[in-house]
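Enquirer: Right, I'll just put the structure down here and ask away after.
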Amino acid sequence: MNLDELKNNIFNPEKKYIDRHSKHFAFTYANLYNFYSNKIDIAEAKEYYKKIVYYQSYTKLQQGNFKAIDEINVIRESASVDLSQPLQSEIFATYHLGAYRMLNSYLTKLGTDITLLVDDQAFLKQGQDFIDTHEKVEAHYKNGSTFNVINAEQPDSFRKIMKALKNKSNLIIYLDGNTGGNKSAENGNLLEIPFLKGSIFCRVGVSYLSLLLKAKITPVLTYQTADHDINLHFFNQLELQKEGESKNEYVARTMNAIYNVFVNCLEKYPAQWEGWIYMHKWIDGALYAAKSNDEITEENITNYYDHIVPFKIVKDSYFLDKHTYLSYEVDSKLGQKLEREILY
């Protein structure tokens, strides 16, 4: 599929495409509403969703496009990693923003040894694609880059990561790859941090790796601007543990600093972030569910039309309350009525 076909499929969708994406759209709308702006209506949310899905697909098309790789606009902050020399044992913290896979391709072009950390789902569905793309890009530039993918959810993942970094490979980790887990302060692998208009739970493993290996973390983001299709921005490296700073203090400072960099960029380019589709998985759902004591029923549903977003799973009809993240199943007749009166 080329870019023109991609744009047509996404921006002029058929009914079956809309139905297939309706659940993702409903949660995307709720996430945008609760974390970005409660002034977004359903028509605006549709436009956001189309752009989000476009960038999600765009980066996969561009990752092996040598012309696009050569035209990347690289931005390097003054205290960032030195790209003029071979990179060794660096930790790059990034997000699924813009053409995010181009970081892999650019580092491959430089001849960098790369270790990519992904979750179980990405490893199973996309692991081979990551490897195939690296082989294609390396065969073109021939700069000696090596590539390894590690499933972060396997029991031996930490050992493999430590070994890779000690062998001078460079770690790329997507911090918005957290797709599950116990979302509470009692989970030692998660930290609650401010995020736009709310708070989320983020995984903190990258900060522990930095502590153990005394390796600095470099936040990296990709985004599109009017001047450049792909900007690859290397931000200033984060300071290592300071004298007198506890482990917990270091972890909190580091994770908040990385997310601050991301949020500042996200506020400028919100439609370029894939994470809107699934970020509800990082919140304390009980806090949102508790916002209302009223159950939405067929009898009172017309009172809640500004709350609900209809969606389908195969042939079954549901709606999501964007305020509470609670979903309800309805019969097909009511589901069709809600679609007509709310969604279209």
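Enquirer: So how do V261, V314, V206 line up by other beta-carbon neighbours within 10 Å, fewest first?
Expert: V314, V261, V206
Enquirer: Compute the long axis of helix 42-62 from its Cα atoms, compare it with the longest principal axis of the Cα atoms of the chain, and write down the angle in degrees, 0 to 90, nearest 10.
Expert: Tilt of helix 42-62: around 30 degrees.
Enquirer: Tell me, V149, V74, V220 in order of fewest to most beta-carbon neighbours within 10 Å?
Expert: Taking fewest neighbouring Cβ atoms as first place, the list is V74, V149, V220.
Enquirer: At q = 0.10, 0.12 Å⁻¹, what is the log10 ratio I(q)/I(0) for the chain, with the Debye formula run over Cα points and no solvent?
Expert: The Cα Debye sum returns log10 ratios of -0.65, -0.91.
Enquirer: Give me the distance in nm between label points sitting 7 Å out from Cα along the Cα-to-Cβ direction at K67 and N143, one decimal.
Expert: Placing both labels 7 Å beyond Cα along the Cβ direction yields 2.1 nm.
Enquirer: Under a 5 Å amide H to amide H cut-off, with H placed in plane at 1.01 Å, what residues pair with E153 once short-range neighbours are removed?
Expert: Here the answer is D120, since their amide H atoms fall under 5 Å of that of E153.
Enquirer: Could you run the Karplus curve 6.51 cos²θ - 1.76 cosθ + 1.60 with θ = phi - 60° over segment 125-139 and give me ³J(HN,Hα) per residue in whole Hz, x for Gly and Pro?
Expert: So the J values, rounded to whole Hz, are 8, 10, x, 5, 5, 4, 5, 4, 5, 4, 4, 5, 5, 5, 5.
Enquirer: For every helix of n ≥ 4 consecutive DSSP H residues, a contribution of -39,500 (n - 2.57) applies; sum these over the chain, divide by its total residues, and give [θ] at 222 nm rounded to the nearest 500 deg cm²/dmol.
Expert: Counting only the DSSP helices, I get -12000 deg cm²/dmol.
Enquirer: If the limit is 31 Å between Cα atoms, which of K60/K216; K46/K281; K160/K268; K136/K214 go over it?
Expert: K160/K268; K136/K214
Enquirer: If you don't mind, there's one more thing I want to ask. Using 0.36 nm per residue, how much length does the chain from K333 to N8 gain when fully extended, once their Cα-Cα distance is taken away?
Expert: 114.0 nm
Enquirer: Continuing with this model, one more query. In what order do E77, E5 fall by count of nearby beta-carbon atoms within 10 Å, going from fewest to most?
Expert: E5, E77
Laboratory data are not the source of any read-out in this text; all were calculated from the coordinates shown. This one's a predicted model, so the numbers in the text were calculated from it and none came from an experiment. Backbone-built Cβ (ideal geometry, glycine too); neighbour counts: all protein chains shown.
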